[in-house]
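Worksheet for the structure shown next.
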Amino acid sequence: MKILVTGGAGFIGANFVRMVLDEHKDVSLVNLDKLTYAGNLENLTGYLDRPNHTFVKGDICDVDLVKKLLDEHSIDRIVNFAAESHVDRSIISHAEFVRTNVEGTLSLLQAARDRNIERFLQVSTDEVYGSLGPQGQFTENSVIEPNSPYSASKASADHFVRAFGHTFGLRYNITRCSNNYGPYQFPEKMIPLMIHNAMHDKPLPVYGDGLNVRDWLYVYDHCTAIWAVLTKSRPGEVYNIGGCNEKTNLDVVSLILDQLKKPKSLISFVKDRPGHDRRYAIDASKTMNQLGWKPSITFEQGIVRTIQWYCDNRDWLANVASGDYKHYYEMMYSRR
Ligand code: NAD
Ligand code: DAU
């Protein structure tokens, strides 16, 4: 099996590359990543010189480059992780979200269309379904109702993937996963940001009343689900992925403070995110029943493991939290 992975130097992509190279020795990977602020070759330390791993710095919007990689490496599967992935950034400026998430996906589809690609797997998100009230879960048949510029761009990409399946017979799958956490997550996202701040005795900025709910999944379990979809599913199907771990943000932040033995007085309620989705919850029974996948790590295990990872990898954290990140943090939080 020869897979083109895009965005494989980012958080989930790098965890996927590591998992595949560790657990599936007969697979070759070509890893195409633009190395934006979120892409980091340190996420692939120890894996860059593996003989079955080729890293290419480049843009998924470059259709000629993608075609060249598909031909030169006889690629039979594509897994598209590459994206602008942070909701807060999409509220401030939108163009890069349309470029990478929509046009970039379209470029990959165009390159894949005329080649005999066994499977095109689009890594999407539960955010395309919008927000839930206190009850219920998103199923694969839920209405697509994206609320943020980020989720609107991801939903648009999903529609293009489906349309290429319908119009050109492209064999595709779309996965829609809930919130991931774990090693190598950039500290703009809630869990690593709160761990980082708590480690440095800085205030933990909780948006609004802190009662928004997210359904957390340890990143390794997202990766095994993607592998199951890539290798066991029927083409043309959408699969929800989630771990049934609904938590309020306040609960997660309190747990982080307890684990790091820091006081609750570090919690600072700040102005809410505009259009903030209230609750996500995923019904992943189709993925579990059809593909035999299930999460292997509970939230209680995963969060302890994650906090420990950040404590053990202070250099990684210091490197990513320097330079541009400081400007981003200042711009986003100083007057909030
Ligand atoms: P991330 O921001 O950590 O990584 C994105 C990667 O894509 C980076 O390495 C970046 O350099 C690369 N990239 C960006 N633009 C590119 C371009 N034009 N060409 C090539 N590479 C480019 O994101 P993540 O959290 O790892 O998310 C990966 C995917 O999973 C995204 O598609 C996201 O929508 C989806 N997703 C994320 C979560 C989550 O909780 N993080 C949950 C569900 C789905
Ligand atoms: O559900 C899947 C999605 O999860 C992915 O598609 C996105 O790529 C990923 O970023 C994530 O989106 P969220 O907006 O849910 O994640 P984030 O970590 O930014 O925020 C989680 C919750 O924490 C959300 O309710 C907002 C809140 N929050 C976030 C930050 C960064 C805070 O209260 N304070 C913060 O500083």
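Give the carbon-plus-sulfur fraction of the accessible surface of the range 1-143 in %, rounded to a whole number; probe 1.4 Å, heavy atoms of protein chains only. Intermediate results must be reported in sequence, preceding the final value.
On the way: 2740 of 5660 Å².
C and S atoms contribute 48 percent here.
Remark: for residue pairs 2/57; 189/232; 2/25; 25/189; 68/154, the C-alpha separation exceeds 22 Å in 189/232; 25/189; 68/154. The slack between residue 326 and residue 261, meaning 0.36 nm per residue of separation minus the straight C-alpha distance, is 20.9 nm. Here the gap between residue 110 and residue 143, fully extended at 0.36 nm per residue and compared with their Cα-Cα distance, gives a gain of 9.2 nm.
Convex hull of alpha carbon positions in the range 1-107: directionally averaged projected area 6.4 nm².
Once you have the Cα-Cα distance between residue 211 and residue 270, take 0.36 nm times their residue separation minus that, and quote the gain in nm to one decimal.
Details: separation 59, 0.36 × 59 = 21.24 nm, distance 1.29 nm.
Result: 20.0 nm gained on full extension.
Centre-to-centre separation between the Cα atoms of the range 267-336 and those of the range 49-78: 29 Å. Calculated accessible area for the range 95-150 comes out at 42 Å² per residue, all protein chains present (probe 1.4 Å; ligands, DNA, RNA ignored). Averaging the Cα positions of each part gives two centres, and for the range 80-129 and the range 195-211 these lie 30 Å apart. Compute the distance in nm between two label points, each set 7 Å from the Cα along the Cα-to-Cβ direction, one at residue 305 and one at residue 319. Taking the simple label geometry, residue 305 and residue 319 are separated by 2.3 nm.
Average accessible surface for the range 262-308: 52 Å² per residue, computed with a 1.4 Å probe over protein heavy atoms with every protein chain in place. Springs join every pair of Cα atoms under 10 Å in this Gaussian network model of the chain, and among 83, 318, 111 the largest mean-square fluctuation is at 318. Magnitude of the charge dipole for the range 45-150, about its Cα centre and with charges confined to Cβ atoms of Lys, Arg (+1) and Asp, Glu (-1), is about 200 debye.
For the range 222-336, which whole-number percentage of the solvent-accessible area (1.4 Å probe, protein heavy atoms only) is attributable to carbon and sulfur atoms? Could you put the intermediate results ahead of the total?
Working: 2830 of 5770 Å².
With neighbouring chains kept in place, the figure for the range 222-336 is 49 percent.
Of 168, 81, 269, the residue with the greatest mean-square motion in the GNM of the chain, using alpha carbon springs below 10 Å, is 168.
With N as its number of residues, the range 275-336 has a Cα radius of gyration that, divided by 2.2 N^0.38 Å, comes to 1.71.
Can you order the peptides 306-312, 295-301 by their average number of other Cβ atoms within 10 Å per residue, highest first? Intermediate results must be reported in sequence, preceding the final value.
Values: 306-312: 17.0, 295-301: 15.3.
Result, highest mean first: 306-312, 295-301.
Looking at the calculated P(r) for the range 185-336, what percent of the C-alpha pair distances fall above 24 Å? Tail of P(r) above 24 Å: 42 percent of Cα pairs. Both the radius of gyration and Dmax for the chain are 19.1, 58 Å, in that order, over alpha-carbon atoms.
Only helices enter the 222 nm calculation for the chain: every DSSP H run of n ≥ 4 contributes -39,500 (n - 2.57), and dividing by all residues gives -12000 deg cm²/dmol, rounded to 500.
At a threshold of 8 angstrom on Cα-Cα distance, excluding pairs fewer than six apart, so keeping six or more, what relative contact order does the range 107-210 reach in percent? Could you put the intermediate results ahead of the total?
On the way: 93 pairs, mean separation 31.4, N = 104.
That works out to 30 percent.
The values are calculated or read from the model by the stated rules, or taken from the named source; none is laboratory data. Not measured: the values here are computed from a predicted model. Counting neighbours? That spans all protein chains shown, and the Cβs are built from the backbone with ideal geometry, glycine included. Keep in mind that these areas ignore ligands, DNA and RNA; they rest on the heavy atoms of the full protein, side chains included. Shrake-Rupley method; radii C 1.70, N 1.55, O 1.52, S 1.80 Å.
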